[in-house]
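This report concerns only the one structure given below.
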Amino acid sequence: MSDCIFCAIVDGDIPGRIVHETDHSLAFLDANPLAPGHTLVVPKEHHARLDEVPADAAADLFAAVNDLVPRVEAAVDADATNIGINNGPAAGQEVDHVHVHIVPRFEGDGGSPIHAVAGERPDLSDEELADIEAAISG
Ligand code: 5GP
Ligand code: ZN
C-alpha cells in the first residue's frame, strides 16, 4: 500500500467516491468538502508539483477538469466554480500528489474569489515589474 493517500485511491487500496477516469487522470469527491460537489482531479502517476507532470498527462488532467466542471455544476445546481491548485506547501498544499480542486460556488454563499488566496497586494515599481517580466520570459 502506498504512503500517498491519493496514490492509494488511484490503486484502489482505499475507497474513494470516483466520478471520472481517463488514461492518465482520476477524479473523486473531496473527503472534507468546501461545498457540495467539491471534486479533486489527480494525475494517476505520483507527482508533487504541477511542473513535474509530463506534458501528455498534464494535458489529460486539464481535459478531465474541463470535462468535469459542467457535470459538477449541474450535479449540485451550482452557479459557478473556483478551480485551483495549491502548488507547494507554502501555497497550502497538504497532500503532496498534484490535485486540481473544483469547488462549486453558489450566489450568496459567503465565500471568496481566488484573489483572496494571497497576502497583501505588493506595490511593484515599473523596474520591478520589468525585472519579473524578464525573469519569467527568460
Ligand atoms: P490541499 O490542501 O493539499 O490542496 O488539499 C488536500 C485536499 O484533500 C483537502 O481538500 C482534503 O479534504 C482532501 N483529502 C485529504 N485526505 C483525503 C482522502 O483520504 N480522501 C479524499 N477523497 N480527500 C482527501
Ligand atoms: Zn501519490
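Values quoted throughout were computed directly from the atomic coordinates according to the rules given, and no laboratory measurement underlies them. If you're wondering where the values come from, they're calculated on a predicted model, not measured in any experiment. Neighbour counts are summed over all protein chains in view; Cβ atoms, including those assigned to glycine, are modelled from backbone coordinates with ideal geometry.
Observations on the structure shown:
- Acute angle (nearest 10 degrees) that the helix 55-76 long axis makes with the longest principal axis of the chain, alpha-carbon atoms: 70 degrees
- Cα lying deepest toward the dipole's positive end in the chain, options Val95, Ala59, Phe106, charges on Cβ: Phe106
- Each Lys and Arg contributes +1 and each Asp and Glu -1, all at the Cβ; summed about the Cα centre of region 1-115, the dipole is approximately 180 debye.
- Under the combined filter of DSSP loop state and at most 16 neighbouring Cβ atoms within 10 Å, region 1-70 retains these GluC sites (Glu not before Pro): Glu45.
- Inter-centroid distance (Cα atoms) of region 4-47 relative to region 88-106, Å: 12 Å
- Fully extended contour minus Cα-Cα distance, from Ile5 to Glu127, at 0.36 nm per residue: 39.5 nm
- With contacts taken as Cα pairs under 8 Å at a separation of at least 6 residues, the chain carries a relative contact order of 23 percent.
- C-alpha long axis of helix 126-137 to longest principal axis of the chain, angle in °: 40 degrees
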